[in-house]
1. Report yes if Leu173 is open to solvent by 20 Å² or more (accessible area, probe 1.4 Å), hydrophobic (A, V, I, L, M, F, W, C) and within 14 Å of the chain's Cα centre (by Cα), otherwise no.
2. Could you check region 210-223 and list, in sequence order, the residues that are open to solvent by 70 Å² or more (accessible area, probe 1.4 Å), in a helix (DSSP H, G or I) and among the charged types (D, E, K, R)?
3. Out of the residues in region 81-112 that are hydroxyl-bearing (Ser, Thr, Tyr) and either touching a His at 6+ places or on another chain (Cβ under 8 Å) or in a helix (DSSP H, G or I) (or both), which is farthest from the ligand (Cβ to nearest atom)?
4. Among all residue pairs at least 6 apart or on different chains, which show Cβ distances below 9 Å where the first residue, located in region 1-29, is within 18 Å of Lys193 (Cα to Cα) and open to solvent by 90 Å² or more (accessible area, probe 1.4 Å) and the second is more than 13 Å from the ligand (Cβ to nearest atom) and assigned to a strand (DSSP E or B)?
5. Mind listing whichever residues of region 121-144 are within 24 Å of Arg87 (Cα to Cα) and crowded, with 18+ Cβ neighbours inside 10 Å?
6. State whether one or more residues within region 190-209 are farther than 30 Å from Thr18 by Cβ and open to solvent by 100 Å² or more (accessible area, probe 1.4 Å).
7. Might you let me know whether region 113-136 holds any residue that is more than 16 Å from the chain's Cα centre (by Cα), more than 16 Å from the ligand (Cβ to nearest atom) and not hydroxyl-bearing (Ser, Thr, Tyr)?
8. Of the numbered conditions (1) away from the ligand (no atom under 16 Å from the Cβ); (2) more than 24 Å from His86 (Cα to Cα); (3) of a type outside the set (Phe, Trp, Tyr); (4) not in a helix (DSSP H, G or I), Asp185 satisfies every one except a single condition; which is it?
Amino acid sequence: MAYETIIIQIEEGIATITLNRPKVLNALNDQVFNELAEAAATLEADPSVRVVIITGGEKVFAAGADIGQMASATAMDMAIGEKAAHRAHRTIENMSKPVIAAIAGYALGGGCELALVADVRIAADNAQLGLPEITLGILPGGGGTQRLPRLIGPSKAKELIFSGDFINAEEALRIGLVNKIVPVDQLFVETQKMAKVFSSRGAVALHLAKSSVNEGLRMDLEAGLQYEHKCFSLLFATQDQKEGMKAFLEKRPAKFQGR
Ligand code: DAK
């Protein structure tokens, strides 16, 4: 598929998806979400890709869903059928590979919600995050009312959702919305560094660790612990487990094959 609103680059097993609608601060319309879903499915199926980075570049991550597209929508338009945003979120969130959001500038509304779908968020020091939907007379409908409280707790999430206020990178780090802050001119270098660490690990162990966390969050603790144990046990069927432990005992770095 030829993409018009995103750019994909793959280098040394690390795929970078860059949102590319600079004139509207990367506002997310259905075309962007459809292309994101398609790209995520394609990268998931590509065994050479080990880690995925989603970014908007150094100026802006995304200023939210495209308000122009949403302004005249009816309740039925919103209620009926699977939404492109939900499909994109689900496809990205369910990838077996780690997904890192590299955030510079605004990550607002649907932009913040897209970042919430990633496994890890790295913020540039110029990042501003928020869920301003309330100021438009709506609520965060792309998972914000669900994923944000699970990440930072309901009380702080409600404050952000009810006020619509933007927060800077430091506040985002303080409340656990992002994992780290880096100078904006180091955003891609630092994100690549983290991606390289992830890509050096065993792909099956990464996949099952991610699944264990994500699925576990949908279960009660006892069911989650049982699910974790199934994932853990399954890893003893992999060559990577044999290699990882053998390498430790032989005092050398492991060479994982992702099998
Ligand atoms: N949509 C469309 N265009 C946008 C936009 C957006 N979200 N954000 C900015 N733009 C456009 C502006 O209209 C302007 O276009 P021109 O006037 O040049 O044609 C251009 O980008 C530059 O923006 P500004 O001139 O406003 O730039 P400033 O630096 O002055 O301000 C700003 C930057 C980010 C503070 C401001 O643009 C702003 O407040 N933008 C809107 C932020 C916002 O309210 N975001 C939340 C949108 S609602 C769902 C899935 C998702 C969602 C809902 C449901 N389902 C699956 C059901 C998500 C909803 C949302 O995200």
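1. Answer is no for this residue.
2. Glu222
3. Ser96
4. Gln9/Ala15; Gln9/Thr16; Gln9/Ile17; Gln9/Thr18
5. If the condition is that a residue be within 24 Å of Arg87 (Cα to Cα) and crowded, with 18+ Cβ neighbours inside 10 Å, then Arg121, Ile122, Leu129, Gly130, Leu131, Pro132, Glu133, Pro140, Gly142, Gly143, Gly144 are the ones that fit.
6. no
7. Scanning region 113-136, I find at least one residue that is more than 16 Å from the chain's Cα centre (by Cα), more than 16 Å from the ligand (Cβ to nearest atom) and not hydroxyl-bearing (Ser, Thr, Tyr), so the answer is yes.
8. (4)
The values are calculated or read from the model by the stated rules, or taken from the named source; none is laboratory data. Quick caveat, the model's predicted, so the values are computed rather than measured. Neighbour counts run over all protein chains shown; Cβ positions are idealised from the backbone, glycine included. Surface areas here come from the heavy atoms of the whole protein model, side chains and all, with no ligands, DNA or RNA. Shrake-Rupley method; radii C 1.70, N 1.55, O 1.52, S 1.80 Å.
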